[in-house]
Amino acid sequence: MSLATLEFWLFWIAIALLIIAVLIIVFYYYHSRKRSNNYLGKQELELRYFIQPTVGRNKEITGYECLLRQKQPDGSWRLPQQLDTLPLQRVIKLLDTTFESLPQEDIQLSINLEYDQIISPEFDYFVRWAISEIAPMRLAVEMKLDPNRRYLYHQTFLSHIRAGQSYGMRFEVDGVGANSADMQSIGWMVGVIDSLKCSMRAFRKTDPGQWLDLNLGSWCKFSQEQHIQLVLTGIESDADEALAEQLNIGLRQGYRFGRPADPYVHKEA
């Protein structure tokens with residue numbers, strides 16, 4: 001190899017190493033900023049998990065869902081913003097008290113987590129901890145779908161979900177609606193999805209001429225083909241329940257069967 005050729009390759013190797021170094025610095029800067037802006041990690045914010053039942057055809061309770069709420073200045077509790085900034089360590093602390101109010105039954109308990117929480121290194125510990133704490137209840141981790149978000153680290157996500165499932169965890173995707181983008185966005189994770197949740201709110205037309213890319217029948221067919229359980233949420237009326245029956249959707253959730261309830265109130269009562 002000539003000296004000129006060696007100098008050429010050394011120059012480009014140096015450029016490549018410089019680019020890698022810059023990317024590493026940017027990566028760590030981003031994550032350090034994210035940790036410093038950890039909004040929901042602030043202890044002064046009052047957070048609490050509410051619980052809402054899921055029922056079967058005969059209105060028997062088949063499970064509960066844990067829904068995070070933040071106390072507002074007026075005393076009400078609402079869904080907080082920036083859910084992905086809540087560290088799993090604080091999730092565990094909040095759930096520890098919530099679990100005390102739950103029944104000791106062989107039914108499912110669904111816990112809502114964000115994508116960033118699932119791909120975090122603490123996820124494996126969280127799953128094993130939750131399974132041991134809620135027994136004989138069965139654990140399901142639920143993630144709300146955002147079709148407009150670009151999800152990164154697919155392999156990390158899938159490996160974490162599969163590891164959780166090896167312990168007995170189920171994985172649910174919530175928020176699938178009437179847009180074709182919803183179905184397309186879950187294509188890469190279909191192999192690990194145990195349940196899909198469709199909300200009636202996404203399929204109610206405000207205008208008779210409104211076009212929906214997908215209807216509930218489309219999701220029923222999709223779930224059957226993929227061997228995925230389907231849950232209909234947002235049920236509020238006789239008509240909603242009749243539609244669930246017509247489509248043979250056995251698992252149901254909504255205000256008709258019970259609103260999210262504060263477990264502290266029941267505990268104090």
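Think of the chain as a dipole: +1 on every Lys or Arg Cβ, -1 on every Asp or Glu Cβ, centred on the Cα centre; then among Gln184, Asn58, Met169, Gln184 lies furthest on the positive end.
In region 224-269, a dipole from Cβ-located charges (positive for Lys and Arg, negative for Asp and Glu) runs towards its positive end, and of Gly258, Gln229, Leu247 it is Gly258 whose Cα lies farthest in that direction.
Amide H contacts for Tyr64 (H built 1.01 Å from N in the peptide plane; partners 5 or more residues away or on another chain; cut-off under 5 Å): Thr54, Gln108, Leu109, Ser110.
Note on the chain: GNM, Cα springs under 10 Å; of Glu142, Glu225, Glu65, the largest mean-square fluctuation is that of Glu225. Placing +1 on the Cβ of every Lys and Arg and -1 on the Cβ of every Asp and Glu, with nothing else charged, gives region 169-244 a dipole about its Cα centre of roughly 140 debye. Using the Karplus relation 6.51 cos²θ - 1.76 cosθ + 1.60 with θ = phi - 60°, the per-residue 3J(HN,Hα) values for region 152-160 come to 9, 6, 4, 5, 4, 4, 5, 5, 5 Hz, with x marking Gly and Pro. Net charge dipole, region 111-169: roughly 200 debye, given to the nearest 20, about the Cα centre with Cβ charges of +1 for Lys and Arg and -1 for Asp and Glu.
Taking 0.36 nm per residue of separation and subtracting the Cα-Cα distance, full extension of the segment from Gln72 to Ala261 would add 66.4 nm. Of the cross-linked pairs Lys59/Lys144; Lys93/Lys221; Lys71/Lys144, which ones have a Cα-Cα span greater than 30 Å in the structure shown? From Lys59/Lys144; Lys93/Lys221; Lys71/Lys144, over 30 Å: Lys93/Lys221. Near Ser76, once Lys and Arg are set to +1 and Asp and Glu to -1 for all other residues with Cβ below 15 Å from its Cβ, the sum equals +2. Adding -39500 (n - 2.57) for every DSSP H run of four residues or longer, then dividing by how many residues the chain holds, sets the calculated 222 nm ellipticity at -12500 deg cm²/dmol. How many angstrom lie between the C-alpha centres of region 50-127 and region 144-206? The distance from the Cα centre of region 50-127 to that of region 144-206 comes to 17 Å. Could you identify which residue out of Val231, Val176, Val22 has the top mean-square fluctuation in a GNM of the chain using Cα springs shorter than 10 Å? Looking only at Val231, Val176, Val22, the largest GNM fluctuation is found for Val22.
Rule-based calculations on the coordinates, nothing more; no lab input. Predicted model only: the values in this text are computed from it and were never measured. Positions of Cβ are backbone-derived with ideal geometry, glycine not excepted, and every protein chain shown enters the neighbour counts.
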